[in-house]
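Notes to accompany the following structure.
The values are calculated or read from the model by the stated rules, or taken from the named source; none is laboratory data. Every value quoted in this text rests on a predicted model; they were computed, and no experiment measured them. Because the Cβ atoms are built from the backbone with ideal geometry, glycine has one as well, and the counts that use them run over all protein chains shown.
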Amino acid sequence: MRRLRRKVQDVEGLAPLFKALGDETRLKIIYALVCDELCVCDVASITGTTVAAASHHLRYLRSAGLVKYRRQGKMVFYSLDNPCLSLMLETALTHRNLKL
């Protein structure tokens, strides 16, 4: 029991990651960023949200350490800051497809 108790403590601190991925729009954003670097207006268009909402979600994802940005003139482009996200989404999609 002690070994298992120590082992389950390994997942401490993962809740914020899953909370960030627990929103449908943020998942769509992450999935889009797996494919390409995008500006806020493109993210809004792809996800069907307003630019303000897309910006809010991107800020949340950035503060969670999942996305990063770079400036090019007045434009801001977002990309994944964690390559593991691609694998996580691929695994989740495989899991969902097995359930269907």
Within the stretch 1-31, residues being in contact with a helix residue (DSSP H, G or I) (Cβ under 8 Å, 6 or more places away or on another chain) and either in a helix (DSSP H, G or I) or modelled with pLDDT under 95 (or both) number 9
Every listed condition ((1) in a loop (DSSP other than H, G, I, E, B); (2) surrounded by fewer than 10 Cβ atoms within 10 Å (Cβ to Cβ); (3) of a type outside the set (S, T, Y)) holds for R96 save (1)
Kindly indicate whether any position in the stretch 54-73 is aromatic (F, W, Y) and modelled with pLDDT of 95 or more. yes
Residue set V34, V51, V40; condition touching a strand residue (DSSP E or B) at 6+ places or on another chain (Cβ under 7 Å), β-branched (V, I, T) and at pLDDT 95 or above; output residue V40
Among residues of the stretch 80-100 being under 11 Å from I30 (Cβ atoms) and of a type in the set (S, T, N, Q), the residue modelled with the lowest pLDDT is N82
Taking the stretch 50-83 and keeping residues assigned to a strand (DSSP E or B), surrounded by 14 or more Cβ atoms within 10 Å (Cβ to Cβ) and within 13 Å of the chain's Cα centre (by Cα) leaves V67, K68, Y78, L80
From the option list G13, G22, G65, single residue qualifying as without any contact (Cβ under 8 Å) to a residue 12 or more places away in the chain and either in contact with a strand residue (DSSP E or B) (Cβ under 6 Å, 6 or more places away or on another chain) or at positive phi (or both) is G13
